[in-house]
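In what follows, a single structure is set out as structure tokens and then discussed.
The values are calculated or read from the model by the stated rules, or taken from the named source; none is laboratory data. Keep in mind it's a predicted model, so treat the numbers as computed, not measured. Here the Cβ positions follow ideal geometry from the backbone for every residue, glycine too, while neighbour counts run over all protein chains shown.
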There are 2 protein chains.
Amino acid sequence: MTQVMDPATRTSNHPEVPGEQLTDLGAALRHALDGQWAERRAQARATFPSANLLRDPDLSYPEARDWVLVRLRELVDAGFGAAGVPRNADDTADPAAAVIAFELLAHGDLSTLIKSGVQFGLFGGAVANLGTRWHHDTFLPTITSAELLGCYAMTELGHGSDVAGLETTITYIPETDEYEVHSQTPDATKAYIGNAARDGSMAVVFGQLLVHGKNQGVHAVLVPIRDENGADLPGVSTSDHGGKGGLQGIDNGRLTFARVRVPRQMLLNRYGGVDDTGRYASSIDNANRRFFTMLGTLVRGRVCIAAGGGIAARRGLSIATRYALKRHQFTAPDRPGGVLLLDYLTHQRRLIPAIARAYAIGFAQNELTEALAHIQGGGEHTEREQRQLETRAAGLKAMATRFANDTLQECREACGGAGFMAENRLVGLRADADVFATFEGDNTVLLQLVAKALLTDYKQVWGDMDRAGMVQATARMVGDTVLERTAANLLIDRLVGAAKRRPEELTLVDRGWHAYLFEERERHSLESLARRMRGANGRDFEAVNRLGAHMLFVARAHLERVTLEAFIAGIEACEGPDARRVLERLCSLFALDSISTDAAWFLEHNRISTGRAKAVDAQIDALCGELRPQALEVVEGLGIPEGWLGAAFLAD
Amino acid sequence: MTQVMDPATRTSNHPEVPGEQLTDLGAALRHALDGQWAERRAQARATFPSANLLRDPDLSYPEARDWVLVRLRELVDAGFGAAGVPRNADDTADPAAAVIAFELLAHGDLSTLIKSGVQFGLFGGAVANLGTRWHHDTFLPTITSAELLGCYAMTELGHGSDVAGLETTITYIPETDEYEVHSQTPDATKAYIGNAARDGSMAVVFGQLLVHGKNQGVHAVLVPIRDENGADLPGVSTSDHGGKGGLQGIDNGRLTFARVRVPRQMLLNRYGGVDDTGRYASSIDNANRRFFTMLGTLVRGRVCIAAGGGIAARRGLSIATRYALKRHQFTAPDRPGGVLLLDYLTHQRRLIPAIARAYAIGFAQNELTEALAHIQGGGEHTEREQRQLETRAAGLKAMATRFANDTLQECREACGGAGFMAENRLVGLRADADVFATFEGDNTVLLQLVAKALLTDYKQVWGDMDRAGMVQATARMVGDTVLERTAANLLIDRLVGAAKRRPEELTLVDRGWHAYLFEERERHSLESLARRMRGANGRDFEAVNRLGAHMLFVARAHLERVTLEAFIAGIEACEGPDARRVLERLCSLFALDSISTDAAWFLEHNRISTGRAKAVDAQIDALCGELRPQALEVVEGLGIPEGWLGAAFLAD
């Protein structure tokens, strides 16, 4: 703000965060990483109420819950709560606005973020996406104003990932034209539900819809759970999960229902319900397809959690890197004044490849948010696009949250004992982000979903070809349907085409070589998985079970490739030469780090020579050294204003 | 206890944990893993006061501190507090008893464990090891009874790993025959010190000893810090670090000293101090050697933390595995009743290789404890043995605590949302064990110490030989000095000798092949590090800095080899055929998992073929499947009584 920005890389009307000092290069990198959302993100950052951003880490969990509720209402007042959620039946959803607001909230207390996500994204989102006009008009105004606080009661004690197996029942009672909601077994207890322990007065309850003795599959119904004094309504039992590993400001609890009746109109019936004639009716005949369509509308939650994980990791990297730029550890014979932590190669290896990956994931997130905005923004789209969005969202959620957990722990350790003090914020971030790996879909299960979706695509392309036919077809199809391009298609095709002819003659930072290796990893592992899957009898648990690790590998290979391509597209869109030069290095570092992680695979499959594999490691060291002088600017580019980090040891 | 034990694998007088049910195989595995300490550990387990083992996770940190102090005194009364610490000048230390007591405490609240470690291990240990008769007689009785609570004030805000660079000064004042303790700069503030915020009334303060203007290097002095009402004494300022990432029951704080005077006799002067003539005197002339001798006496802390990390990981694995043996996730076409979590190969891969590693680390810990008992138990030992103990302790501490952090996180995630609830204990364990990676030596720095020690050994053997000479000498020396055998020497020599001739013809579970690969990894990487180090100018920071990642690799390779050999020795000592069969599988799993992690290295250095590298992964899957039916027994063998786990979801 006090700096003059490079006109080549900054738009003239770019608003700034009040009080933030930023280098030109840092600003240009931030603009590039913000990508297609640069204007909206800059605007959101500049107006975000940052005065009360972080919670006192010493609050007890009841105090933390009070604080979070106050903060949530502040954010609602500032327009950052229900952003993007329609306010009534005539309002339209703005999914990108919702994701961008969620990202901003992820710059502050993560309990507040998730409280907001529960209220607006899950509870509000279910009403908006699964309900119809009456629900929208009746409930969205008070949901979006946070007057009516609610729960998203899907998970059961006995059924986490297996939503189709829920045991709660929603039984139609023709005599009174009501639904009866009932927890059939202890396993049917709704568990880990946000807003259930204290604040929620209504819940969207998922369960098996039984109509005239027939199970129509999982549906969702609105059930009031507390009266205005906070007491459980008749038939409803709420209880408190108490302390957790993090997110102490959220009142997670359990819900059980003992034959609780609600009027028929309380069922969220966009995709099916009992009609005025007392019969079940749905616009989707196939029960399986109906189930996945209903779940599919909830994809925004995963897009948001992926974004939140990415931001949490960026906060950790910003704190740890800024600390490593001021902290000395030992002296050296030729550095009697001491060596900065970040001057140690071992320390660079802890932080700089992770920063590169944070950029990569950021570019992938930009594309995912764009896909969400396209599919849920009211425009035309195909079922195939919808399915691809779901696959990408599942995959990026798993990838970004795994990255967040690993990175925040690395950042904590990289700051030594100081990193363990709550006042330096890393342990709180780490604790709060932990469960991102589990909620909105367990990461392992999500990666399996990704692999299954890729196999489905693969089968549609190759059908029942024999092996020779498959190999030939693959040669023709690479870069097409199965390896769907995310962006910058022509560029990447050209890069790969040039690289595949003489891969070993290229430099280690040749982008075409990277793209070629990423593509080979995905293609080959997917092909071999498809062959093994064909050999396994799909009904034989053990035969399919043995492919578990292979499936996870394929999913990761796919996500790495999609992410690299997003990074390449992001660099293409960057106009400033200085920022572009740094992004090229970060992209090479991301690519080589990924290749190094899977070096054994590339060697085993003769995709690189042993000499080249050794050289990759040395090149990673070299790139860390090249990026070291711009470490501050690179961290500024991650987009977290220094004043928002709140780490005591940076304030000295 | 209600089971009849197999007489071949159980000693007749083996005491049992009250109320514990144990399978025969579980008991035999536990006996084998307890190793040379089986009798003492069983005795300790059977008498350990387990009634008040775990803390209510919802206590605020001031409440937690109160609880911990009460619990500490209970443990002292039961003989588990200052176990092994001499009670006065005429008592002898029993280092093995200290480590075994520390292990038992690690079965309970980890704040209590570390509070005990601070009081008895660090504070008491410094007085015992660095003090002389007057200190012992004056202070040890009330230290060991926990009447005099104290601090171990080594770390400074500006100096964590760099102990030689401490800025606190201890200046001799001839006029009054006193020492003056002073915090010269803000960086000299003692930080993260246990017992400093609230409970400590005395501190062992480390600082530069200045006598007549000459700096004699780091020494330690006893300084009273609080009066009987808990108020800071004149010149002393204490403050509270407040909340932390874990260990909330410990009152970590800061200490600063403004020219605080203490009588001359308060200096812990076993290795040096001002004598009655007013001059500095030391039994060790070389200041550097004196410094390392003083620090070397404190090795027990690292041995204990390694043990504590190992136990924490075993607790997590016990909880997660027992949960995976009762929890269903999805159904499968041929398993309509549902599939147990542990039946999924992906879930087995999360837990079973980690269990194998827990056994491996346990056997390595047994040997380390034995070495400590030998060196510090009052017997004869060489300086070389002392140095080797320090290297092993540093290395195993880094290895076991890294393992604990990674494993506890994996266990948390493997239990899904339930794993995130405090009542199921995983998040608390995870949070408390986190800082084990940092205190008693930052893990990265410790691994560098290991590599440096190996290089020193290497130099002593090879001297200034040229490269050809080195290679020849290496061929003769393998299995000798540099690759010092830990146990079962002849057996391992024979195994390796047989394996190296035709490594690729052996089965994947051939122990000789494993030992050969582990040895090759260490030998080759150490040799190449030595060559690179010789090429680098030791005074050129950048030249040495570039070797950082290589040093870490060498240290890990060394530790893996030592650990494998300890495992082999442990199997050799196991007499029951059933337990032995299981241990063989666990050992193969540990070895192959390690080989798989470094598969790229083995491929790059032509130690395995690409086909064999692929087969390693399949063999890991197969071993997980073979161990799956004995999962419960294997977990029982880890030695944590089920009733002590305290996880709510296991009680259902």
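Checked against the criterion of being at positive phi and surrounded by 18 or more Cβ atoms within 10 Å (Cβ to Cβ), the candidates A:A153, A:A146 yield just one match: A:A146.
Here is a check on your reading of the model: is B:E626 assigned by TED's automatic domain parsing to the domain that holds B:G395 and in a loop (DSSP other than H, G, I, E, B)?
Values: assigned by TED's automatic domain parsing to the domain that holds B:G395: yes; in a loop (DSSP other than H, G, I, E, B): no.
When the stated conditions are applied, B:E626 does not pass them.
When we screen B:A320, B:A312, B:A307 for residues that are within 14 Å of chain A (Cβ to nearest Cβ), more than 21 Å from B:G131 (Cβ to Cβ) and in a helix (DSSP H, G or I), the only hit is B:A320.
Just the residues that are more than 7 Å from chain B (Cβ to nearest Cβ) and of a type in the set (D, E, K, R), please, taken from segment A:415-429. Quick ask: steps written out before the conclusion?
Taking segment A:415-429 as the starting set, the residues that turn out to be more than 7 Å from chain B (Cβ to nearest Cβ) are A:415, A:418-419, A:424-426, A:428-429.
The answer is A:R425, and nothing else.
For segment A:156-175, the set of residues classified as out of contact with any helix residue (DSSP H, G or I) (no Cβ under 6 Å at 6 or more places or on another chain), buried (at least 21 other Cβ atoms within 10 Å of the Cβ) and β-branched (V, I, T) consists of A:I170 only. Taking the criterion of being surrounded by 24 or more Cβ atoms within 10 Å (Cβ to Cβ) and either without any contact (Cβ under 8 Å) to a residue 12 or more places away in the chain or closer than 15 Å to B:A258 by Cα (or both), the only residue of segment B:207-220 that qualifies is B:G207. For A:R87, the conditions (1) under 24 Å from the mean Cα position of the chain (by Cα); (2) within 18 Å of A:L148 (Cα to Cα); (3) among the charged types (D, E, K, R); (4) at pLDDT below 95 all hold with the exception of (1). If only residues of segment B:514-570 that are part of a helix (DSSP H, G or I) and among the polar types (S, T, N, Q) are counted, the one that is farthest from the chain's Cα centre (by Cα) is B:S528. Only a single criterion out of (1) under 28 Å from A:D285 (Cβ atoms); (2) hydroxyl-bearing (S, T, Y); (3) within 12 Å of chain B (Cβ to nearest Cβ) is not satisfied by A:Y192, namely (1).
State the number of residues belonging to segment A:421-461 that are touching a Pro at 6+ places or on another chain (Cβ under 6 Å) and not hydrophobic (A, V, I, L, M, F, W, C).
Restricting attention to segment A:421-461, the residues satisfying the condition of being touching a Pro at 6+ places or on another chain (Cβ under 6 Å) are A:422, A:428.
Narrowing further to those that are not hydrophobic (A, V, I, L, M, F, W, C): A:428.
Qualifying residue count, segment A:421-461: 1.
Output the residue which, of all residues in segment A:332-371 that are facing another protein chain (nearest Cβ under 7 Å) and assigned to a loop (DSSP other than H, G, I, E, B), is farthest from B:D162 (Cα to Cα). The extreme case among them is A:D334. Pairs meeting the criteria (first residue in segment B:596-613 and more than 8 Å from every other protein chain (Cβ to nearest Cβ) and of a type in the set (D, E, K, R), second residue crowded, with 16+ Cβ neighbours inside 10 Å and part of a helix (DSSP H, G or I), beta carbons under 7 Å, at least 6 apart or on different chains) are B:D598/B:R521; B:R607/B:L517; B:R607/B:E520. Checking segment A:449-470 against the condition returns a match, with at least one residue being in a helix (DSSP H, G or I), in contact (Cβ under 8 Å) with a residue 12 or more places away in the chain, buried (at least 24 other Cβ atoms within 10 Å of the Cβ) and within 14 Å of chain B (Cβ to nearest Cβ).
Before we move on, is A:L592 closer than 22 Å to A:R523 by Cβ, crowded, with 20+ Cβ neighbours inside 10 Å and facing another protein chain (nearest Cβ under 10 Å)? The answer is no for A:L592.
Out of the strands (runs of 3 or more DSSP E) lying entirely within segment B:207-292, which hold 1 or more residues that are within 14 Å of chain A (Cβ to nearest Cβ), at pLDDT 95 or above and in contact with a strand residue (DSSP E or B) (Cβ under 7 Å, 6 or more places away or on another chain)? Spell out how you get there, then give the answer.
Working: elements: B:214-224, B:236-240, B:253-257, B:260-263.
Output list reads B:236-240, B:253-257.
Which of the residues spanning segment A:379-389 are surrounded by fewer than 21 Cβ atoms within 10 Å (Cβ to Cβ) and either touching a Ser or Thr at 6+ places or on another chain (Cβ under 7 Å) or part of a helix (DSSP H, G or I) (or both)? Of everything in segment A:379-389, those that are surrounded by fewer than 21 Cβ atoms within 10 Å (Cβ to Cβ) and either touching a Ser or Thr at 6+ places or on another chain (Cβ under 7 Å) or part of a helix (DSSP H, G or I) (or both) turn out to be A:E383, A:R384, A:E385, A:Q386, A:R387, A:Q388.
Checking each residue in segment B:523-547 for being farther than 11 Å from B:Y458 by Cβ and more than 14 Å from chain A (Cβ to nearest Cβ) picks out only B:G535.
When segment B:189-205 is filtered for residues that are surrounded by 22 or more Cβ atoms within 10 Å (Cβ to Cβ) and either among the small types (G, A, S) or at pLDDT below 95 (or both), the ones remaining, listed by number, are B:A191, B:G194, B:A196, B:G200, B:A203.
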